[in-house]
Amino acid sequence: MDDNIFYGASKCDAVTKSLRCIDVARAQFFQPDTSPSPQSWTEMETIELPSPTLSFRAAKYRCLPVADRKVLCTGWGSRQQPFLLDADTRQVVTMPTLTKLYSSDPVTLFVPSAGDAADDDADPEGSLFFLKKWAEHEKKGLHETLGLLCDQFQAFVYRRTSTRSPSKSWRQQYLPPPPYVRDPKYRNKSTKINSYTVVGGGSHICISVDGAGAGTYCMDTVSHAWSKVGDWTLPFRGKVEYVPELKLWFGLSDSDKDQCLVAADLSSLDSGPELVGTWKELDDTPDGWYQPQPRDPRLVYLGSGRFCITRLISLLILERDDKGSIVDTSREEFAVFTGVEVMPQAHDGASGGRDGLRVIKYQSTRTPVDTFIEAAF
């Protein structure tokens, strides 16, 4: 099991962003919830924030997960050089610039290398894929210089700088776009990647699209060829994680406002997958509190069926008089971390399971007030 969670944080009124690393064991995310009644948000234990691993001052950087405690830090401007940070060694390696994607919120997926270790040109770690979430429609002939490739869909691959050079480096590679990007019938229509995952042991990237061209598409991670597998969409929102011990994919639901933890079997994509379980880990907004614009939660997979669900809370607290009229308001921002463990249902039929799965919810903790969490992974 991974022992850390990375998250980007800042004070709500600050210009400095910090990349921090939470030790899961020290934070006790998987301590049993012994409270006799469901925890109130106001009664949760507040965790002490760890010291920053890295800070960005007055710079618009975004941190994206890679693997094995490596993080890609990429700027929102062409003058800000992206780099790969190894959190263990604190070493950095410069990376290519995400052309056209630096100012967007790209879908990011790391696919481990499946190449032969004896292949001198094989990527020893894997490849990073970047897909523009809100892809712009492209007219035929608009990108003649790119041929069939598209700068809205890119990859970073570790390759030789030339066929004669013994040295290797991370190189940028444009990819073909999904079919809907250049389909004339979707011109001037909005399209969004709503969920994404890796299937087939890393052989394919799978995305679900809302809006124009709605459906589910797969890309071969070697040939980079796209195919549409159905007009249906996956029942998830955001990144979806595969749990090999359970042979199921887990993510956050796209069908309810709470975005509960859900699971489905994506081993066959011949038809739209059905959910095999739905679990809610946090109570509703407390009385007297109002969440005007709920933000998408974050799901972090820690291995061995364990997850941390991060709820990004922005609350408007309403104070009322005896007649029920609002007399004052105040705002609080914080994050709530909840450990969740999924395992096969016990043979004795222990409660908490659904369709052969048992889910254990552990004690929730929260960050100090006015801590803004941009991402967690």
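If you go through the range 15-39 and pick out every residue that is surrounded by 13 or more Cβ atoms within 10 Å (Cβ to Cβ) and modelled with pLDDT under 70, you end up with 1. Whether any residue in the range 170-187 is modelled with pLDDT under 80, of a type in the set (D, E, K, R) and in contact with a strand residue (DSSP E or B) (Cβ under 6 Å, 6 or more places away or on another chain) is what I want to check. No, because not a single residue in the range 170-187 is modelled with pLDDT under 80, of a type in the set (D, E, K, R) and in contact with a strand residue (DSSP E or B) (Cβ under 6 Å, 6 or more places away or on another chain).
Of everything in the range 201-246 that's polar (S, T, N, Q) and within 21 Å of the chain's Cα centre (by Cα), which residue is farthest from G126 (Cα to Cα)? The residue in question is T233.
Checked against the criteria, S208 does not count as surrounded by fewer than 18 Cβ atoms within 10 Å (Cβ to Cβ) and either assigned to a strand (DSSP E or B) or not β-branched (V, I, T) (or both). Going by what's in this entry, would F307 be described as in contact (Cβ under 8 Å) with a residue 12 or more places away in the chain, surrounded by 13 or more Cβ atoms within 10 Å (Cβ to Cβ), within 28 Å of L49 (Cβ to Cβ) and in contact with a Cys (Cβ under 9 Å, 6 or more places away or on another chain)? No. Looking across the range 289-314, just one residue is touching a Phe, Trp or Tyr at 6+ places or on another chain (Cβ under 9 Å) and modelled with pLDDT under 75, and that is W289. Checking each residue in the range 310-331 for being exposed (fewer than 15 other Cβ atoms within 10 Å of the Cβ) and either free of Cβ contacts under 8 Å to residues at least 12 places away in the same chain or within 25 Å of F6 (Cβ to Cβ) (or both) picks out D321, D322, K323, G324, S325, I326, V327, D328.
Could you tell me whether any residue of the range 73-86 is of a type in the set (V, I, T) and at pLDDT 85 or above? There is no residue in the range 73-86 that is of a type in the set (V, I, T) and at pLDDT 85 or above. Mind listing whichever residues of the range 225-265 are free of Cβ contacts under 8 Å to residues at least 60 places away in the same chain and among the small types (G, A, S)? Residues satisfying the conditions are A225, S227, G230, G251, S253, S255, A264. When the range 322-375 is limited to residues that are of a type in the set (G, A, S) and touching a Pro at 6+ places or on another chain (Cβ under 9 Å), the one that is modelled with the highest pLDDT turns out to be G356. Considering only residues of the range 88-105 that are closer than 18 Å to F6 by Cβ and modelled with pLDDT of 85 or more, which is surrounded by the most Cβ atoms within 10 Å (Cβ to Cβ)? If we take residues in the range 88-105 being closer than 18 Å to F6 by Cβ and modelled with pLDDT of 85 or more, then M95 is surrounded by the most Cβ atoms within 10 Å (Cβ to Cβ). Among what's in the range 231-269 and is surrounded by fewer than 17 Cβ atoms within 10 Å (Cβ to Cβ) and small (G, A, S), pick the residue that is modelled with the lowest pLDDT. Filtering the range 231-269 for residues that are surrounded by fewer than 17 Cβ atoms within 10 Å (Cβ to Cβ) and small (G, A, S), the one modelled with the lowest pLDDT comes out as S255.
Scanning the range 281-288 finds no residues that are modelled with pLDDT of 75 or more, exposed (fewer than 14 other Cβ atoms within 10 Å of the Cβ) and not in a strand (DSSP E or B).
The values are calculated or read from the model by the stated rules, or taken from the named source; none is laboratory data. Just so it is clear, the structure is predicted and the values come from calculations on it, not from any experiment. FYI the Cβ positions are ideal-geometry reconstructions off the backbone, even for glycines, and counts take in every protein chain you see.
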